[in-house]
Each structure stands twice: as C-alpha cells, then as structure tokens.
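I have placed the structure first, in the form of structure tokens, so that the comments after it can refer back to it.
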Amino acid sequence: MAAALLITGTVGVGKTSVADAVGDVLADEGVPNAVIDLDWLRRAWPAPPGDPFNSELTMRNLRAVAANFRQAGAERLVLAGVIEHRDERARHEEVLGVPLAVCRIHVPLAETHRRLRGRHVHDPQGLDWHLNRAGELADILDAAKVEDFTVDGTKALKQVAEEAIKRWRV
C-alpha cells in the first residue's frame, strides 16, 4: 500500500535535508520511493493576488508529480514543506491520493537562527525575512498541531531520518 510522509517545520529546521535522508534510508532498505520538495513545486513569480505562497499552483503540480511517481513505482512519497492548518493537511492527502502522515522537525529557535545565518550569509534581506518568519511560523505550527509526531532535528541527519521512519512505519 502506498503512503506519504510530509516533513514539516519552520524555516531553517532542515525539512529538505531530512526528506532527502528519509528517501536515502528507504532506498537502502529497498523501498521504492520519491522525494518531493514542495518549495520547488510553488516556485513561480509573480504569485497571484491572495495566494502569496502559490498554494493552488503547488496543489496542481503536486497532484501531477505524485501520480507520476506512483505510476513509476514509488510506494512511499516523502515531502518537504510547510502546512499551517489542518485543512491544508487534508487537501494534501486528497491531492496525493494516498494516506498522509506528518512529521514535524523541531529545532530550538536559537539553533534555527544560527542555521539561517549560515544559509543566508550573502543575502541580508533574505536573512531578515527568514529570521522573522521562523518565530512566526513556529507559533503558527504550535497552535495548528498538524503533525502526527515530532522528531528532534538537532541530532545527526541520518538519526533524524531513521527516527521519522520508525515513527511513520505503515
């Protein structure tokens, strides 16, 4: 039975890195899988009025990409992205066409800020936006409780991925 795991969390916690590592661990176990970074499915400019994060475009692209990966044999879909509300979670599951589990990666805000400073060393405007968004998004995610489980993102990457898989097992 096919299934999907969405790795979520605030900016800078390592969602994409964890999703990649989960895909690698699954491949090492012989589990056919595909990794999808939702940021790339929404990356278009300009965003339409009222949809600053290109949510509708993301959903259209995700429906097509997920179907293509499943038709190609992927049994597990691993996504990296942010969902801020429970209704978004339901929409993702509907678009994916398979059961969805959500893993939130937790990293203390001070560590997240340290990571963001390293990532945006040559992008001061981007750094300011991401530093502000990290705390704002953490509060949103704390209130929304869209996750099924949380994993400590301060451990070694492979450990984080293995813990996510262990908690997800379908």
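The values are calculated or read from the model by the stated rules, or taken from the named source; none is laboratory data. Small disclaimer: the values here were computed from a predicted structure and weren't measured. Backbone-built Cβ (ideal geometry, glycine too); neighbour counts: all protein chains shown. Side chains are part of the model used for accessible areas, which takes the heavy atoms of the whole protein and leaves out ligands, DNA and RNA. Shrake-Rupley method; radii C 1.70, N 1.55, O 1.52, S 1.80 Å.
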Considering only the range 122-137, I want to know if a residue exists there that is free of Cβ contacts under 8 Å to residues at least 12 places away in the same chain, open to solvent by 20 Å² or more (accessible area, probe 1.4 Å) and not in a helix (DSSP H, G or I).
yes
Given the condition under 23 Å from THR150 (Cα atoms) and of a type in the set (Ser, Thr, Tyr), answer yes or no: does some residue in the range 11-29 qualify?
yes
Test: residue in the range 42-60 that is under 23 Å from ALA164 (Cβ atoms) and touching a residue at least 24 places away in the same chain (Cβ under 8 Å)
no
Looking across the range 145-166 at residues that are more than 12 Å from VAL13 (Cβ to Cβ), crowded, with 17+ Cβ neighbours inside 10 Å and of a type in the set (A, V, I, L, M), the single one that is farthest from the chain's Cα centre (by Cα) is ILE165
Please enumerate the residues belonging to the range 106-121 that are assigned to a helix (DSSP H, G or I), buried (at least 17 other Cβ atoms within 10 Å of the Cβ) and among the hydrophobic types (A, V, I, L, M, F, W, C).
LEU116
